[in-house]
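Asks: Can you read through this structure? Questions will come right after.
Since every read-out is calculated from the coordinates, none of them should be taken as a lab result. These figures come from a predicted structure and were not determined experimentally. Because the Cβ atoms are built from the backbone with ideal geometry, glycine has one as well, and the counts that use them run over all protein chains shown.
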Amino acid sequence: MSTATEVEVEETLELFITQMEFLSKIEDIKIELGCNYIDAVVQFCKESNYDILDVVPYVGDALKTKLYHDAYDLHLLVDVSPRLPI
C-alpha cells in the first residue's frame, strides 16, 4: 500500500479549507458508519490514503474536544482528577 506524496496530500486537502469543513466531513463519516470520532478520522485517512499526521492541521478545537471525549469514554486516557461515579 503506497502512501500519498506531500503534493498529493496538499492538493487534496485544499478541499478542506477550514477546520469546520473537515469536522463536517468527519461527522458525515461518523453518522454513515455509526462509529466514534476516532474511528471516523482513521477511516477518512484510510479511504483517502493519508497518514494520520497529514490531517493534524485540520483538527480544530471542536474536533479535539470530541476526540478527547471519545478517548476518555474508551478508557484510552488516564483520569488525573478523581470523580465520583454518577
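Asks: Can you pull out every residue in the range 30-56 that is without any contact (Cβ under 8 Å) to a residue 40 or more places away in the chain and in contact with a Leu (Cβ under 9 Å, 6 or more places away or on another chain)?
Replies: Of everything in the range 30-56, those that are without any contact (Cβ under 8 Å) to a residue 40 or more places away in the chain and in contact with a Leu (Cβ under 9 Å, 6 or more places away or on another chain) turn out to be Asn36, Tyr37, Ile38, Asp39, Ala40, Val41, Gln43.
Asks: Of the residues Asp51, Asp70, Asp39, which single one is under 12 Å from the mean Cα position of the chain (by Cα) and over 28 Å from Glu6 (Cβ atoms)?
Replies: None of the other options fit; the residue is Asp70.
Asks: If a residue has to be more than 19 Å from Tyr72 (Cα to Cα) and touching a helix residue (DSSP H, G or I) at 6+ places or on another chain (Cβ under 8 Å) to count, how many in the range 27-41 make the cut?
Replies: Residues flagged as more than 19 Å from Tyr72 (Cα to Cα) and touching a helix residue (DSSP H, G or I) at 6+ places or on another chain (Cβ under 8 Å) within the range 27-41 amount to 2.
Asks: Residue by residue through the range 25-52, note down the ones that are touching a Lys or Arg at 6+ places or on another chain (Cβ under 6 Å) and charged (D, E, K, R).
Replies: Across the range 25-52, there are no qualifying residues.
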